[in-house]
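Before anything else, here's the structure in question.
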Amino acid sequence: MTQNSKSHYRNLFDEEIGQLVHQGCTSSDWNLVKVSPEFIPDNIENCKFTGHIRLSSFTTSVKLVGGITFKTGIYNAWLHNCEVGRNALIHNVRSYIANYRIEENVVIHNITTLAVDGKTSFGNGVLVGAINEGGGREIPIYDYLSTHVAYILALYRHRPKLVGSLKEMVLDYTGFVKSDIGIIGANSKILNCTTILNVKMGPVTIIDGAKKLKNGSLNSSYEAPVEIGEGVIMDDFIVSSGSKIKDATLVSKCFIGQGCILDKHYSAENSLFFANCQGFHGEACSIFAGPYTVTHHKSTLLIAGMFSFLNAGSGSNQSNHLYKLGPIHQGIMERGAKTTSDSYLLWPSRIGAFTLVMGRHYKHCDTADFPFSYLIESKDESILVPAINLKSIGTIRDTQKWPGRDNRADSNLLDFINFNLLSPYTIHKMMNGRKKLLAIRQTSGSEAESYSYDKMKIEKRALDRGIRLYEMAIWKFLGNSIITRLQNSSVKSNKDIQNVLHPDTSFGSGYWVDLSGMICPFEALDQLLTSIEKGEIISLEEVNSGLAVLHKNYYNYEWTWVVDALKEFYGKSIEEFTSEDVISIVEKWKTSVLGIDDYLYEDAKKEFSLVKMTGFGVDGQNGAQQEDFIQVRGEFENNTTVKAIKIHKEKKEALGNEVIALMKKIAKPELSTLSSKL
């Protein structure tokens, strides 16, 4: 308790002590019980006070479930070394409350034990063995851990000085929060719980029916309360603002980020869950669940892997050891990957971004350079279908729904999330994938029926289509970037075009990384990491600020990368660009955008085929099947996603024509000058 808070309290008057004793209260030493100036003892009954006690005034009423009104105060409780804020209600504590500062308007009703036992850091500094069960990647968690810092701590072990510096910062923070007094934030409710030990809580925390909470932090806020529900058992944990842990969920050694939901008997240990993750029914063991990792099925196990934007199908499973040296293996599924029902992956494997995994794969697969693919099993053989997901309406729907499903309401967001489907990160991989497919075809011959690549099989048709689809996506991205750059600029000559296209920063060249949700050039990231290694950055706040700058400058960095990519893929540097070059690129962009939209339109149409109407119109005749389908699913042309595709095509075609018309105006004077010379 602070010196200031102590100075606002007075000793009890003799008549107040007498009234309290008459109301069934006892104390080992009434001189240790201090009260606020406006304190009256009317609402304190059957209480035992030991150690240093601070009591405020209790003058209002609160409503409990069922409409029962209760006057604030303390009833049937033993308090030891506690401070109770204004208008709190403490009722029916079966054992005791020890070493807590209980802030104003808190309700504590029908609990057994609520205590802090000695010095504790409330879950801060707990080592979580994510990604690799065999150890070596342990991450010390803390209140404001972001998915990006966790990524660096877990995966940059090849830079021990960097990891050591970050761990030292976490250790400093852990020492800062260590205390023998816990806090229950204002307006919190703790109802019908059994044991809560060494747990601190932010304002508006709701704990209703929890069985055991031990050594953790519930970082609730007024903007984004934390809710803990019935039967929950947690130890060694940190739960961030806006998250909900309910219905007999079991959590051990876990960090749970902002806006997460763990529910329906979910079980998790030694795992990290970042923004907007959801876990229902199944279990997680030693996973790094980046933003939007979702698993909803009872039979699904995620183990020893790194994921983000994942949708795990029922029965999904992975093996992390071969019964030799123990559980030493690990896997990575890059952003946007999906697993179908009963899928299986043998670790170590690495699955490329936005790839669908179907079937059981008993070989170590690496599809990192083939994003937007299918990895299918047939007769125990892994078959790669490159780029096919670029035609899938489901992929587009996923990227559109993620921003709308952001549950984070806190104004202080811990994770920086880039939702872009196409970025230098994915396009660079497509360029690599295209080169590899071309090399495979050249080496094995264009007449081969199928090709072999790294323990996987690629059918000839799939390979040819993959090259074409990657080229379309690359032109779509490059065209988008160049049009965005030229929009709202008053270019009147080729020199103007070259000036506008000149990059604003040197950062952005080279390869890019996905820092579990945040996409940035490695070159810029490396500068930040080097500053940490050199001791120029010495606090977690500075690290977060540096990451925020990288996220904020994404589009500046992106354009620098595009300039280099244009030189490689188009074959001409922007210093030589003319209006004719812009026209050429925009034409390629227009063809690619409209072509991909046509693929998406046709894919969506499959969802409205007669086959998909099976099971509709039960017991009906004469068109009842189709009518029932329309009533439930709606008509194809009125579908929201279908209409969005049509509007997108119209807008992009008009935009392309507009840019081409502008470039032709610039080209005309030069053409006329050229003809006069001839």
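Could you run through the stretch 223-233 and say how many residues are more than 21 Å from the chain's Cα centre (by Cα) and either under 23 Å from LEU127 (Cα atoms) or of a type in the set (Ser, Thr, Tyr) (or both)?
Final tally of qualifying residues: 2.
Mind checking which residues of the stretch 83-136 are of a type in the set (Lys, Arg), farther than 13 Å from ILE184 by Cα and under 36 Å from the mean Cα position of the chain (by Cα)?
LYS119
Something else now. Within the stretch 247-290, which strands (runs of 3 or more DSSP E) (wholly inside it) include 2 or more residues that are modelled with pLDDT of 95 or more and farther than 22 Å from GLN330 by Cα?
261-263
Which residue pairs have Cβ atoms under 6 Å apart, sit 6 or more places apart or on different chains, and have a first residue in the stretch 281-302 that is farther than 17 Å from LYS401 by Cα and in contact (Cβ under 8 Å) with a residue 40 or more places away in the chain and a second that is among the small types (Gly, Ala, Ser) and surrounded by 24 or more Cβ atoms within 10 Å (Cβ to Cβ)?
As it stands, the answer is SER286/ALA130; SER286/ALA304; ILE287/SER271; ILE287/GLY305; PHE288/ALA130, since those pairs meet every condition given.
Restricting attention to the stretch 509-527, does a residue exist that is of a type in the set (Asp, Glu), surrounded by 15 or more Cβ atoms within 10 Å (Cβ to Cβ), on the phi < 0 side of the Ramachandran plot and not in a helix (DSSP H, G or I)?
yes
Are any residues in the stretch 208-238 hydroxyl-bearing (Ser, Thr, Tyr) and crowded, with 21+ Cβ neighbours inside 10 Å, and if so, which ones? Steps first, please.
Residues of the stretch 208-238 that are hydroxyl-bearing (Ser, Thr, Tyr), as a first pass: 217, 220-222.
Answer for the stretch 208-238, where residues must be hydroxyl-bearing (Ser, Thr, Tyr) and crowded, with 21+ Cβ neighbours inside 10 Å: SER217, SER220.
This table checks each residue for (1) under 30 Å from the mean Cα position of the chain (by Cα); (2) in a helix (DSSP H, G or I); (3) hydrophobic (A, V, I, L, M, F, W, C).
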position	(1), (2), (3)
ASN544	yes, yes, no
ASN556	yes, yes, no
VAL562	yes, yes, yes
ALA565	yes, yes, yes
ALA604	yes, yes, yes
PHE608	no, no, yes
PHE616	no, no, yes
ASN622	no, no, no
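Got a number for residues in the stretch 1-36 being of a type outside the set (D, E, K, R) and modelled with pLDDT of 95 or more?
20
Hey, could you check the stretch 60-82 for residues that are outside any strand (DSSP E or B) and at pLDDT below 95 and say which is nearest to the chain's Cα centre (by Cα)?
So the residue we want is VAL65.
With the structure loaded, tell me whether ASN198 is buried (at least 18 other Cβ atoms within 10 Å of the Cβ), part of a strand (DSSP E or B) and among the polar types (S, T, N, Q) or whether it fails that test.
The answer is yes for ASN198.
Report, ordered by the first and then the second residue, all pairs with beta carbons closer than 6 Å, sequence separation of six or more or different chains, a first member in the stretch 642-663 that is under 15 Å from GLU587 (Cα atoms) and touching a residue at least 24 places away in the same chain (Cβ under 8 Å), and a second member that is surrounded by 13 or more Cβ atoms within 10 Å (Cβ to Cβ) and of a type in the set (Gly, Ala, Ser).
MET663/SER579
If PRO521 passes every condition in (1) assigned by TED's automatic domain parsing to the domain that holds ILE660; (2) touching a helix residue (DSSP H, G or I) at 6+ places or on another chain (Cβ under 6 Å) but one, which one does it miss?
(1)
Separate question: Filter the stretch 526-554 for residues that are under 19 Å from GLY164 (Cα atoms) and touching a Phe, Trp or Tyr at 6+ places or on another chain (Cβ under 9 Å) and give the result.
GLN527, LEU529, SER539, LEU540, GLU541, ASN544, LEU547
State which residue is nearest to LEU463 (Cα to Cα) when the search covers only the stretch 358-408 and only residues that are touching a Phe, Trp or Tyr at 6+ places or on another chain (Cβ under 7 Å) and free of Cβ contacts under 8 Å to residues at least 40 places away in the same chain.
Among residues in the stretch 358-408 that are touching a Phe, Trp or Tyr at 6+ places or on another chain (Cβ under 7 Å) and free of Cβ contacts under 8 Å to residues at least 40 places away in the same chain, the one nearest to LEU463 (Cα to Cα) is ASN389.
How many residues are in contact with a strand residue (DSSP E or B) (Cβ under 9 Å, 6 or more places away or on another chain) and either of a type in the set (Val, Ile, Thr) or more than 11 Å from GLY466 (Cβ to Cβ) (or both) if we restrict to the stretch 368-394?
The number of residues fulfilling the criteria is 13.
Could you count how many residues in the stretch 461-516 are touching a Lys or Arg at 6+ places or on another chain (Cβ under 9 Å) and at pLDDT below 90?
1
The values are calculated or read from the model by the stated rules, or taken from the named source; none is laboratory data. If you're wondering where the values come from, they're calculated on a predicted model, not measured in any experiment. Positions of Cβ are backbone-derived with ideal geometry, glycine not excepted, and every protein chain shown enters the neighbour counts.
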